[in-house]
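Read the figures in this text as sums done on the coordinates, not as results from a lab. What you see is a predicted model; the values in this text were computed from it and never measured. When we count neighbours, we look across all protein chains shown, and the Cβ atoms used for this are built from the backbone with ideal geometry, even at glycine.
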């Protein structure tokens with residue numbers, strides 16, 4: 001039964017259900033759960049609790065969640081650190097219920113992947129097992145990605161925000177694959193922009209200075225300029241500057 005479960009789920013192409021955030025690809029939790037329920041209606045998810053009843057665990061410095069997904073009597077368990085948007089572990093004193101909930105959803109998606117659905121995403125592959133071709137010869141794309149990563153993955157986006165003329169000149173020198181990669185980064189930037197705009201505005205509305213500081217710490221100077229600062233209204237930006245000065 002386990003082989004049948006894996007064969008069924010690993011054959012599903014989930015590419016159109018994923019999201020790009022920076023250089024990371026994520027599968028929608030809602031889609032993953034709906035797809036598994038469609039094929040295996042008896043699937044069960046379990047969020048493990050510590051002895052005190054908390055739905056996360058801690059070593060006193062950072063935290064992690066433990067989530068199991070059981071299909072036809074076989075349970076796969078995933079352990080996932082509670083991380084910020086840059087995939088850095090959040091210190092215990094800064095962890096919020098929102099952070100825990102996000103980690104649980106991501107951990108459940110990874111536990112589902114152990115059963116086969118979207119597992120190729122975490123292996124860095126592009127297609128399900130049945131659709132993979134033989135590896136092609138090196139085409140220099142890795143070199144391009146390394147170059148883009150030198151400014152935390154957003155060099156041209158940062159340049160675009162600061163100097164449109166210089167950006168166009170730099171963009172014109174890219175080859176077709178490099179331009180395609182940059183367009184992927186643009187799409188990821190648009191998504192990140194909306195997410196951070198919402199989180200900063202929520203922090204402002206609640207006057208939650210700790211959350212604001214945490215959000216600012218997650219972003220480099222280039223990312224703040226390229227992704228977020230331009231879309232925030234004057235009141236939010238003024239408040240954030242005051243919060244930063246106080247910190």
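Give me the extension gain from residue 77 to residue 61: residue separation times 0.36 nm, minus the current Cα-Cα distance, reported in nm with one decimal. List each step's numbers first, then the result.
Numbers: separation 16, 0.36 × 16 = 5.76 nm, distance 2.27 nm.
Residue separation times 0.36 nm, minus the Cα-Cα distance, leaves 3.5 nm.
Full-extension gain between residue 11 and residue 39, please, as 0.36 nm times their residue separation minus the C-alpha to C-alpha distance. Walk me through the numbers before you get to the answer.
On the way: separation 28, 0.36 × 28 = 10.08 nm, distance 1.22 nm.
Using 0.36 nm per residue and subtracting the Cα-Cα distance, I get 8.9 nm.
In terms of the Cα gyration tensor, with a ≥ b ≥ c the square roots of its eigenvalues, is region 2-129 rounded because a/c is under 1.5, prolate because a/b exceeds b/c, or oblate?
Oblate.
Compute the FRET efficiency between residue 52 and residue 180 as 1/(1 + (r/R0)^6), taking r as their Cβ-Cβ distance and R0 = 51 Å, and round to the nearest 0.05.
Details: r = 49 Å, r/R0 = 0.97.
Working from the Cβ atoms, E equals 0.55.
Label points 7 Å out from Cα along the Cβ direction at residue 173 and residue 246: separation in nm?
Between residue 173 and residue 246, the simple spin-label model gives 4.5 nm.
With a Förster radius of 25 Å, plug the Cβ-Cβ distance of residue 92 and residue 217 into 1/(1 + (r/R0)^6) and report the FRET value to the nearest 0.05.
After rounding, the FRET efficiency stands at 0.95.
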